[in-house]
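Only one structure is covered here, and it is reproduced in the block below.
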């Protein structure tokens, strides 16, 4: 009897070993990454995603990483190629990339990152926090009322606030609407200045600088890619900018309440690992948000514009140093 039991146990162990070997051999994953445009914040999110997923899955995962160079139509071309190649998962870095992925497939798991508000981006009314389809991801939304409070803390005597954003980005509209409401409750007069793309940014920004005491620029991909233009207009005009995220602040702002985009990418990579290994289902995963926010300031522009910063703010590293660390 003991020999029969031993034989059964041995057979089970051998069968389990064979199954494990087969699963191990089959567990390879191809992940497509569509990033809207190259700038510090999005680059950091992509790197964090790759690092986290590689740490979880090692050589079993390969990446097809492509950059749309700021063009929404190119996002569509990229994600359609991912669908044709039947990738195992798509990372959509920024709202236009997410929207393109949503249009391209309803079966391949999609994770967004650097997306501010998923309900707005995906056209979902009364968004509850879980998309419920093949889409989930992470949000870079900072507390907008606290960003408005930051502007009030630093510029209590200002009267006119200009809100500069790209009209092609739905999440930017959402942010400026929310911040404007908060600022108006604090007694400011606000005006929105929308540019359609980088071609009319200079003209719109010049008008905003002429008419504003201080400006607000939300988490906006087009603005993030053109901070030099904004800075070259606003700094000589003596108009300080409160920015929606650190990358924009480093380029043209004086202060921001921001997140760490690398950490956001890491969180997204961990979600991807759970989906690919079958531990979690994408349709059941709620959108994840950054766990903490930091008050940061641009020391160079604050000094140039004569802005005094409270002691609880942290200085942003020089942009070139931040980029080199991201690439390292």
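Filtering segment 39-79 to residues that are touching a residue at least 24 places away in the same chain (Cβ under 8 Å), more than 22 Å from residue 270 (Cβ to Cβ) and loosely packed, with under 15 Cβ neighbours inside 10 Å leaves only 69. For segment 191-214, a residue qualifies if it is more than 11 Å from residue 233 (Cβ to Cβ), more than 25 Å from the chain's Cα centre (by Cα) and surrounded by fewer than 19 Cβ atoms within 10 Å (Cβ to Cβ), and the qualifying residues are 191, 211, 213. Residues of segment 80-90 include none that is at pLDDT below 95 and either out of contact with any strand residue (DSSP E or B) (no Cβ under 8 Å at 6 or more places or on another chain) or surrounded by 15 or more Cβ atoms within 10 Å (Cβ to Cβ) (or both).
Criterion applied to 94, 15, 25 was being modelled with pLDDT of 90 or more and in the same structural domain as residue 135 (by TED's automatic domain parsing), and the one residue passing it is 94. Within segment 207-229, the set of residues being in a helix (DSSP H, G or I) and more than 15 Å from residue 40 (Cβ to Cβ) comprises 207, 208, 209, 210, 211, 229.
Let's see how each residue does on (1) within 25 Å of residue 152 (Cβ to Cβ); (2) in a loop (DSSP other than H, G, I, E, B); (3) modelled with pLDDT of 95 or more:
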residue: 266; (1), (2), (3): no, no, yes
residue: 283; (1), (2), (3): no, no, yes
residue: 286; (1), (2), (3): no, yes, yes
residue: 292; (1), (2), (3): yes, yes, no
residue: 295; (1), (2), (3): yes, no, yes
residue: 303; (1), (2), (3): yes, no, yes
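When residue 270 is tested against (1) assigned to a loop (DSSP other than H, G, I, E, B); (2) touching a helix residue (DSSP H, G or I) at 6+ places or on another chain (Cβ under 6 Å), just one condition goes unmet, and that condition is (1).
The values are calculated or read from the model by the stated rules, or taken from the named source; none is laboratory data. Computed from a predicted model, the values in this text were never measured in an experiment. Using ideal geometry, Cβ is built from the backbone for each residue, glycine included, and neighbour counts are taken over all protein chains shown.
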